[in-house]
Amino acid sequence: MAQTYLVTGAAGFIGSHSVEWLLERGCRVVGVDNLRTGHLENLAVARLSPHFEWALADAGDETTMRALFEQHRFAGVLHLAALVSVPESFRDPALNYRLNLATADGLARLCLEFECKRLVFASSAAVYGTTAALPNRESVTPQPQSPYAAAKLAAEVMLLGYAASYGLEAVCLRYFNVYGPRQDPGSPYSGVLSIFTDRFRRGLPVTVYGDGEQTRDFVSVRDVARANGEALLATEIVSGRYNVCTGRAVSLNRVLAIYRELFPGAPPAEYAAARIGDIRHSLGDPALLRDMLRFDARTPFTQGLRELALEN
Ligand SMILES: NC(=O)c1ccc[n+]([C@@H]2O[C@H](COP(=O)([O-])OP(=O)(O)OC[C@H]3O[C@@H](n4cnc5c(N)ncnc54)[C@H](O)[C@@H]3O)[C@@H](O)[C@H]2O)c1
């Protein structure tokens, strides 16, 4: 009988793609989400599968989560549920603590109680902060610059402490800039590509903060879903922190050039003053995850962007 995996934040952008990846591999999946920032429509494909069970719940609700662990005896947990907005973490640090740290702790303790060996945790490149040398390597001392990044780092430390203390297999994946279908363009702080895509498709000008020469390591959500799934299913894995990135820097001006080919009639971009706190360059070193899982982010950027821009 196929093994069952728990995915928290299942109705979110990365969660819904990860659920689909696991179902395609023949796994059973229980998807939990409280729909705080996720959307049930994201699970439209997954919900057609008899191997998928949907649970509207808060991943930090110990009673509900204990009942799910008891019923399903999960083989592994993919913990993606989070407060995902950095500005919101500044406004409400108590909520950030609860959603981004305490919930991970609660799930890790349930894993120990119910002998669920592996927990894959959605961390973030934000833990590196602004001063780390490029490309960011997992071995440097992180310097979080926001409550969000601090909680992600604290959760990593706590999970790896449980790995050392109790033998939990804790895999902390530090995603760089994830892009792809289903990323919500609703907030001004959403991924820049989801906002650009939305505006190009509607024929509206985009605003670039700064000169457009800032760069990001954009990684396709398809690759991230595969990294999540492989981290969950791999027979051998060493607990630790791993970048999920391409190792390639792409400037916003390059992004705009690709969009202009896809939308030739689009109005020119508007340039505004750089936003305080925005980092100039972000780039990860993908070597560690490549060594561990033979994982490479293989979606070429132009192809991923084209798919995003032209999807229905
Ligand atoms: N998108 C990126 O570029 C990026 C980069 C680094 C890290 N991450 C991390 O990846 C994870 C997924 O992010 P995403 O981009 O898919 O965002 P998302 O908002 O689409 O997904 C998060 C999901 O978690 C759900 N959720 C939040 N709190 C919950 C709770 N207490 N109980 C149950 N569900 C809850 C939300 O409703 C949402 O569906 C997050 O942990 C985020 O911090 C994302």
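Checked against (1) modelled with pLDDT of 95 or more; (2) surrounded by fewer than 19 Cβ atoms within 10 Å (Cβ to Cβ), P267 passes all but condition (1). Considering the range 25-48, and only residues there that are within 11 Å of the ligand (Cβ to nearest atom) and of a type in the set (V, I, T), the residue that is least open to solvent (accessible area, probe 1.4 Å) turns out to be V32. Quick test of your reading of the structure: T131 fulfils all but one of (1) more than 20 Å from A163 (Cα to Cα); (2) in a helix (DSSP H, G or I); (3) among the β-branched types (V, I, T). Name the failing condition by number. Going through (1) more than 20 Å from A163 (Cα to Cα); (2) in a helix (DSSP H, G or I); (3) among the β-branched types (V, I, T) one by one, T131 breaks only (2).
Among residues belonging to the range 231-244 that are in a loop (DSSP other than H, G, I, E, B) and of a type outside the set (A, V, I, L, M, F, W, C), point out the one that is least open to solvent (accessible area, probe 1.4 Å). Taking the candidates together, the pick is S239. The residues listed here are L308, L283, L252; of these, the one that is touching a residue at least 40 places away in the same chain (Cβ under 8 Å), under 20 Å from P185 (Cβ atoms), within 18 Å of the chain's Cα centre (by Cα) and buried (at least 17 other Cβ atoms within 10 Å of the Cβ) is L308. G247 - would you say it is under 19 Å from the mean Cα position of the chain (by Cα) and either among the small types (G, A, S) or not in a loop (DSSP other than H, G, I, E, B) (or both)? Considered against the rule, which asks whether it is under 19 Å from the mean Cα position of the chain (by Cα) and either among the small types (G, A, S) or not in a loop (DSSP other than H, G, I, E, B) (or both), G247 comes out as yes. Out of Y128, Y97, Y148, one residue alone is within 14 Å of the ligand (Cβ to nearest atom) and open to solvent by 40 Å² or more (accessible area, probe 1.4 Å). It is Y97. Among the residues making up the range 193-230, a single one is aromatic (F, W, Y) and open to solvent by 40 Å² or more (accessible area, probe 1.4 Å): Y209. Could you grab me the full set of residues in the range 104-123 that are open to solvent by less than 10 Å² (accessible area, probe 1.4 Å) and within 18 Å of D33 (Cβ to Cβ)? If the condition is that a residue be open to solvent by less than 10 Å² (accessible area, probe 1.4 Å) and within 18 Å of D33 (Cβ to Cβ), then A104, L107, L110, L119, V120, F121, A122 are the ones that fit. Among the residues of this structure, A234 counts as one that is more than 15 Å from the ligand (Cβ to nearest atom), in contact with a Leu (Cβ under 7 Å, 6 or more places away or on another chain), at pLDDT 95 or above and within 18 Å of L293 (Cα to Cα). Can you name the residue in the range 1-24 that is out of contact with any His (no Cβ under 6 Å at 6 or more places or on another chain) and open to solvent by 20 Å² or more (accessible area, probe 1.4 Å) and, of all such residues, is farthest from the ligand (Cβ to nearest atom)? My answer is M1. Applying the condition of being without any contact (Cβ under 8 Å) to a residue 24 or more places away in the chain, hydrophobic (A, V, I, L, M, F, W, C) and in a helix (DSSP H, G or I) to the range 134-163 and asking which residue is farthest from G76 (Cα to Cα) yields A150. In the range 53-90, the qualifying residues are those that are among the polar types (S, T, N, Q) and open to solvent by 40 Å² or more (accessible area, probe 1.4 Å), and the one that is nearest to the ligand (Cβ to nearest atom) is T64. For the range 168-192, a residue qualifies if it is in contact (Cβ under 8 Å) with a residue 12 or more places away in the chain, open to solvent by 30 Å² or more (accessible area, probe 1.4 Å) and of a type in the set (G, A, S), and exactly one does: S187. Of the listed requirements (1) under 16 Å from V219 (Cβ atoms); (2) modelled with pLDDT under 95; (3) acidic (D, E), D278 misses just one: (1).
The values are calculated or read from the model by the stated rules, or taken from the named source; none is laboratory data. This one's a predicted model, so the numbers in the text were calculated from it and none came from an experiment. Neighbour counts are summed over all protein chains in view; Cβ atoms, including those assigned to glycine, are modelled from backbone coordinates with ideal geometry. Note: accessible area is taken over every heavy atom of the protein model, side chains too, but ligands, DNA and RNA are not part of it. Shrake-Rupley method; radii C 1.70, N 1.55, O 1.52, S 1.80 Å.
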